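Reading through the structure tokens given below for one structure.
Every number here is computed from the coordinates shown, using simple stated rules; none is lab data. Everything numeric here is computed off the predicted structure, so don't read it as measured data. Virtual Cβ from ideal backbone geometry, glycine too; neighbours counted across all protein chains shown.
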Amino acid sequence: MSGADVAGVPEFIEGKKLLRALGDVARLTIVRILAGNGEMNVSDLVEALNKAGIVISQPLLSWHLSHLKRSGIVRVRPAGRVKFYSLNRERIDWCLQFLSDLIAPSAGERSGSMLQENPDAQIRLQVRR
């Protein structure tokens, strides 16, 4: 199957969105920090990133967080004037499953595959093979 054949499959579109959001060292580091610390505000994240060797301003961090938020990787909880950020574990799990299914010998044959859970996507893949 060529890349053009799978371009319209919803799982591939969502996977692309997630991988693009993770395609930056600063954003990967943010995800790792949030994974180890739970919920954090921007000031705490700036400090943690500086300790990790990534010097970043609050406006730039907010820009990176907006990418992660749009992709669903990060959740935001406002508390007055402060916003607290945390990982969306369900979205991370979906991404891991997507990558697992992507490299499976035959997508759709593995139990628990997203393609089995979405029969429409499976039918489109079979038709295009």
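Straight Cα distances below 21 angstrom link K16 to the lysines K69, with same-chain residues fewer than 8 positions distant left out. Maximal additional length on extending the L19-V76 stretch stands at 18.5 nm, based on 0.36 nm per residue less the C-alpha distance. Sequence-ordered 3J(HN,Hα) estimates for the stretch 74-90 from the Karplus curve with 6.51, -1.76 and 1.60 and θ = phi - 60° stand at 10, 9, 10, 10, x, 9, x, 8, 9, 10, 10, 10, 8, 6, 8, 4, 5 Hz, glycine and proline given as x. Using amide H atoms built in the peptide plane, which far-off residues or other-chain residues are under 5 Å from N41 H to H? HN-HN under 5 Å from N41: Y85. Take each peptide in 66-73, 77-84, count the other Cβ atoms within 10 Å of every residue, and average; sorted highest first, the result is 66-73, 77-84. The calculated FRET efficiency for D44 paired with L99, based on their beta-carbon distance and R0 = 25 Å, is about 0.30.
Between W63 and K51, the contour length at 0.36 nm per residue exceeds the Cα-Cα span by 2.4 nm. Applying the Karplus relation 6.51 cos²θ - 1.76 cosθ + 1.60 with θ = phi - 60° to the stretch 49-62 yields 3J(HN,Hα) values of 5, 4, 5, 7, x, 10, 7, 9, 7, 4, x, 5, 4, 4 Hz, where x marks Gly and Pro.
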